[in-house]
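Encoded as structure tokens, the structure appears first; notes follow it.
The numbers here are math on the coordinates, done by the rules we state, and not lab data. As the structure is a computational prediction, the values presented were derived from the model and not from experiment. As a convention, Cβ positions derive from the backbone with ideal geometry for all residues, glycine included, and neighbour counts pool all protein chains shown.
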Amino acid sequence: MNHDQYDDGYLADILKTVKTVAVVGASINPSRPSHGVSAFLLAKGYHVIPVNPGQAGKVILGQTVIGHLADIAEPIDMVDVFRASAHVGALVDEVLALEKLPKVLWMQLGVRDDAAAAKAEAAGIRVVMNRCPAMEYPRLRSHL
């Protein structure tokens, strides 16, 4: 798949069908982008699970922070990545080790790893890179 641009229908379908979003790299700091995007997703009705090993057990926006994806006790529809691109390969390995694979791996603005994306796609996971769902959702509102 060409990850330089996405069809609006592809992004809209993802945003319409996912319900549970694991936000990897979630921050308790309200000024961090991961905090704002989590708040946006919660406001739009998504079930958000913050994931951050350094913050495990704390609460972000009323949601208990989980240390690792493998510690989440329910199926995840989408993994939203707020980690540097250099960490995405290891994160994809963590995703692929899950008992039930998520439908989507979404990498935030500035996050891109083509090899990790290809590995995820080979396992049947849809991938979005260098985009923000909190920016795409309002843009695609008429499609949702």
(Q) Using Cα springs under 10 Å in a Gaussian network model of the chain, which residue among ALA43, ALA118, ALA84 shows the largest mean-square fluctuation? (A) ALA43
Q) Packing-wise, with mean Cβ within 10 Å as the measure, how do 26-34, 48-56 rank, highest first? A) 48-56, 26-34
Q. Separation between the GLU74 and HIS47 pseudo-spin-labels, each 7 Å from Cα along Cα→Cβ, expressed in nm?
A. 0.2 nm
**Q.** Structure-derived percent of Cα pairs over 27 Å apart: which label, when the choices are (i) 12; (ii) 34; (iii) 21
**A.** (i)
Q.
Net charge around ALA116, counting only other residues with Cβ within less than 14 Å of its Cβ (Lys, Arg = +1; Asp, Glu = -1)?
A. -1
**Q.** Per-pair calculated FRET efficiency, R0 = 25 Å: GLU99 and MET135 via Cβ, rounded to 0.05
**A.** 0.20
Q. Using alpha carbon centroids, what distance separates segment 1-19 and segment 27-94, in Å?
A. 20 Å
